[in-house]
1. Which is the longest run of chain A containing none of the GluC sites (Glu not before Pro) found in DSSP loop states (not H, G, I, E, B) with at most 16 other C-beta atoms within 10 Å?
2. Would you mind calculating the gained length between A:A88 and A:F45 on full extension (0.36 nm times residue separation, minus the Cα-Cα distance), in nm to one decimal?
3. Trypsin sites (Lys or Arg not before Pro), restricted to segment B:29-132: which are DSSP loop and have at most 11 other Cβ atoms within 10 Å?
4. Which of the pairs B:K2/B:K222; B:K152/B:K198; B:K244/B:K476 have their Cα atoms more than 27 Å apart in this structure?
5. For segment A:150-245, what class follows from the C-alpha gyration tensor (a ≥ b ≥ c being the square roots of its eigenvalues): rounded when a/c is under 1.5, otherwise prolate if a/b is larger than b/c, else oblate?
6. For segment B:293-323 and segment A:237-266, what is the separation of their Cα centres, given in Å?
7. So what does the Cα-only Debye profile of chain B read at q = 0.07, 0.09 Å⁻¹, as log10 I(q)/I(0), no solvent term?
8. Just report the Cα centroid separation between segment B:368-407 and segment B:421-452, whole Å.
Amino acid sequence: MNNAVETPVVNRGNAVLKEILSGGATRALLSVVLGFVVGALFMVFSNEAFLTAAQYFTARPADSLAAAWTAIADGYSALFRGSIYNYAADDIVVAFRPLTETLRFAGPLIASGLGIALAFRVGLFNIGASGQLLFGALWATWISTRVSLPWGVHLVVAALVAILASAAYAAVVGFLKARTGAHEVIVTIMMNYIAAGILTYFFRTPELLREVDGGGTPKSDAPAETAQLPYLLGDQYTLHWGFILAIVGVFAYWWIMERSTMGYRFRMVGHNPDAARTAGINVERTFMIAMAVSGAFVGLAAVNQALGARAGMTPDIDGTIGFDAITVALLGSSTAPGVLLAGLLFGAFKAGAPAMQVIGLSPEITGVVQGFIVLFIAAPPLVRAIFRLPPPQKSTVVADWWRSLVTKGGRK
Amino acid sequence: MKLELRGITKRFGALVANDHIDLVVKSGEIHSLLGENGAGKSTLMNVLYGLYSADEGEILLDDVVQNFKGPGDAMAAGIGMVHQHFMLIPVFTVAENVVLGHEPTGALDTLDLEAARKLVREISDRFGFDIDPDALVEDLPVGAQQRVEIIKALARDAKVLVLDEPTAVLTPQETDELMAIMKGLAKAGTSIVFITHKLREVQAVADRITVIRLGAVVGDAKPTDSASTLATMMVGRAVDLDVKKHSPKKGDAGLTVTNLTVVGDRHNKVVDDVSFTVHAGEVLAIAGVQGNGQTELAEALVGLRDVTGGKIVLGKLDITDSTVREVIDAGVGYIPEDRSKDGLVGDFTIAENFMVNRSYGPPFAKGLSIDFVNRARIADELITEYDVRTPSQTTLAKQLSGGNQQKVVVARELSRDLNLLIASQPTRGVDVGSIEFIHERIIATRDAGKPVVIISTELDEVSALADRIAVMYRGKIVGIVDATTSRETLGRMMAGATA
């Protein structure tokens with residue numbers, strides 16, 4: 001008889017996630033623009049010439065403005081030269097190298113971004129891309145350095161093993177969630193540490209994966225030539241077939257999420273698990289399957305990292321990909337084309353950072369821009385959730401922004 | 001106190017929830033705000049209570065313009081509100097609940113519970129509420145909890161009392177008691193705004209009636225106007241509340257439930273030793289006040305809730321321990337009571353919603369892929385056949401009105417090859433036109449020789465559809481009676497008396 005005093009249970013986390021992902025292309029684009037604006041401010045205020053000119057700003061403001069403009073223009077043209085087309089190069093091959101570097105960096109970002117995006121669509125926060133990548137890379141390295149197989153077969157087996165290992169590692173999370181109700185965020189984070197520990201142990205132990213004749217530092221051998229992802233555009237570029245795998249992943253992701261009945265059930269569970277359960281869907285099993293598929297996409301990133309290498313690998317083989325994947329999925333609204341574009345953008349940041357360093361800018365600026373982009377996308381609903389504010393009546397950032405402009409002084 | 005609303009307009013984006021609404025409630029008057037669910041009654045009252053700010057219009061109390069920034073302002077000005085869902089702390093006593101938020105304090109800021117008790121006793125005695133200030137709220141029946149809400153409002157000197165659908169959770173007897181209380185309050189000078197969509201109650205208690213439809217005032221009516229006049233004003237056309245149906249052609253036992261026991265979320269028996277049989281071609285209605293185990297019974301029947309004892313047999317198939325999917329595949333159609341939570345995926349299109357429980361094979365799936373061609377064709381057919389008013393089949397379910405959403409659920413369930421239909425509150429929050437349509441469809445299912453179980457808290461619906469009525473009270477079936485049983489008898493059974 002207590003039904004009358006019950007309050008409806010709202011899954012706050014899920015609602016926030018939904019709102020972040022429903023922002024759409026406009027919000028993503030605006031966030032990118034705003035991110036670049038913030039990046040520009042950092043360039044200006046860390047620029048010697050500007051700071052000097054600013055000391056006599058009142059006397060000659062034009063000097064400050066000119067210095068600011070030069071700083072921004074230099075910075076972003078360096079980014080362009082480093083990530084898309086080096087117009088300063090003498091040689092056409094060299095001029096296009098930045099673009100191939102962008103694609104090379106984008107490959108694992110896109111693949112792991114797809115994995116995170118898939119989990120998001122099912123209503124799961126998979127924070128474990130890093131661990132899943134490391135676990136997949138571990139077994140790919142095992143196959144590529146400790147097993148001899150003929151050309152062709154070796155690469156395929158190594159890649160499949162990596163994908164399966166990453167999928168299995170992620171499925172454990174789904175299993176624990178389904179069986180014990182353990183929250184996937186905590187579990188994935190902890191499993192990141194576990195994977196990192198296991199990989200380091202393997203790379204340090206001579207009987208396991210340590211480089212033959214290696215020293216005390218944990219490091220593996222280079223993958224056998226038969227297991228390496230071949231260069232895509234010949235030996236003049238380091239871009240390898242991993243990027244093509246990522247593109248195949250984009251299509252696979254699109255087909256699964258938009259065309260297949262499995263993806264349809266994933267989305268159903270993500271949107272409304274109660275209705276899914278009423279419709280006869282085993283929600284817990286769907287979580288497990290979704291985590292496994294999510295891990296499989298991260299496994300593509302593991303293939304990129306472990307089999308795209310030409311030298312021995314260290315335990316930081318995942319770089320920052322694990323966490324960049326989350327930002328890629330968020331910026332891409334968890335859609336196939338969105339993740340592709342977001343992955344390319346962040347790949348460009350990675351490729352372009354060294355060129356910015358060359359002209360004396362700190363390469364961390366791209367990281368700052370990247371962070372701000374995601375902040376602009378995720379912040380409005382997050383801030384509202386933290387302070388328990390009601391959602392705006394027509395809830396888009398752009399609409400609010402317009403309204404405040406049009407009504408001058410905001411809403412009454 | 002006299003309340004006046006002038007030209008209140010409230011928009012949500014493109015939707016106009018309230019369109020220049022004028023309303024005058026005189027001092028000591030019971031003014032009924034009559035309208036269907038979704039007509040804009042609750043929005044209007046939330047504007048009055050300061051929860052929403054109106055886009056246009058003004059609120060006047062005794063001819064003074066008010067400017068409420070929040071419920072606190074409205075309360076201070078003398079407006080009290082009893083929400084449909086009570087805002088009480090179950091583990092607090094009545095006195096503690098009543099003073100919550102403006103507690104009388106003694107020395108060193110300690111809670112003066114004696115003053116609180118005295119306040120409750122005083123109000124309770126004055127209006128004959130019969131409430132013990134020291135009772136825990138969770139131990140009180142729903143009707144008494146509602147009176148606590150009213151005391152809470154009166155304790156803050158409410159001169160205008162807003163009751164939002166107050167009878168939705170009450171038995172007929174409790175409803176009568178509430179009406180007596182309302183009359184007593186009005187006589188003492190309190191103005192009452194009584195929000196409802198139940199015609200009978202309006203006729204029984206209101207001094208004046210304002211009918212609103214689609215966010216606008218349709219007109220004023222008198223309680224002496226006939227029910228059909230009022231219903232016509234509500235829906236804008238003449239409606240037929242009686243469902244035309246022939247006497248049932250009963251077949252074999254379709255569903256046999258024996259000694260079914262279900263333990264609820266609070267580890268108490270919510271369904272307690274329930275047995276009944278539904279024959280093919282027959283409608284069995286399960287009546288009762290909300291929260292007496294009907295929800296859990298329905299969930300147990302479709303496999304959503306574990307059964308702790310007893311048996312459920314569909315035809316010859318034992319489905320006691322079957323999964324939801326097995327139950328669905330056995331041909332059980334299920335219209336859940338909460339369509340937005342359990343029945344529909346709001347962010348899915350109508351077409352996508354048609355396939356939620358048939359995504360594993362034909363006609364909606366072809367191998368691993370969705371069969372988009374078939375789905376589009378079927379969706380168009382169902383939209384036409386079930387009269388779903390929508391711009392297209394790719395419209396999101398959440399954008400439809402309540403009635404059209406329910407038609408999507410009904411279409412999905414009835415278009416399958418059924419061996420049993422279970423419909424829980426099939427017309428809750430649905431406009432009268434859709435009610436009529438859904439009722440016809442349910443009867444057509446019965447006439448096609450299927451067993452049908454209706455679970456409803458609306459007596460009108462129960463009597464309109466049922467061939468036999470089982471009344472549930474505290475998890476037990478107190479009796480199974482003929483559909484012609486009088487409203488009074490059913491009311492007594494809903495309060496626990498055996499037939």
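1. A:208-412
2. 12.8 nm
3. Qualifying residues, ordered by number: B:K69.
4. B:K244/B:K476
5. Oblate, since a/c reaches 1.5 and b/c is not below a/b.
6. 42
7. -0.43, -0.70
8. A separation of 18 Å, based on Cα centres.
The values are calculated or read from the model by the stated rules, or taken from the named source; none is laboratory data. As the structure is a computational prediction, the values presented were derived from the model and not from experiment. Positions of Cβ are backbone-derived with ideal geometry, glycine not excepted, and every protein chain shown enters the neighbour counts. Quick note on the areas: whole protein, heavy atoms, side chains included, nothing else; ligands and nucleic acids left out. Shrake-Rupley method; radii C 1.70, N 1.55, O 1.52, S 1.80 Å.
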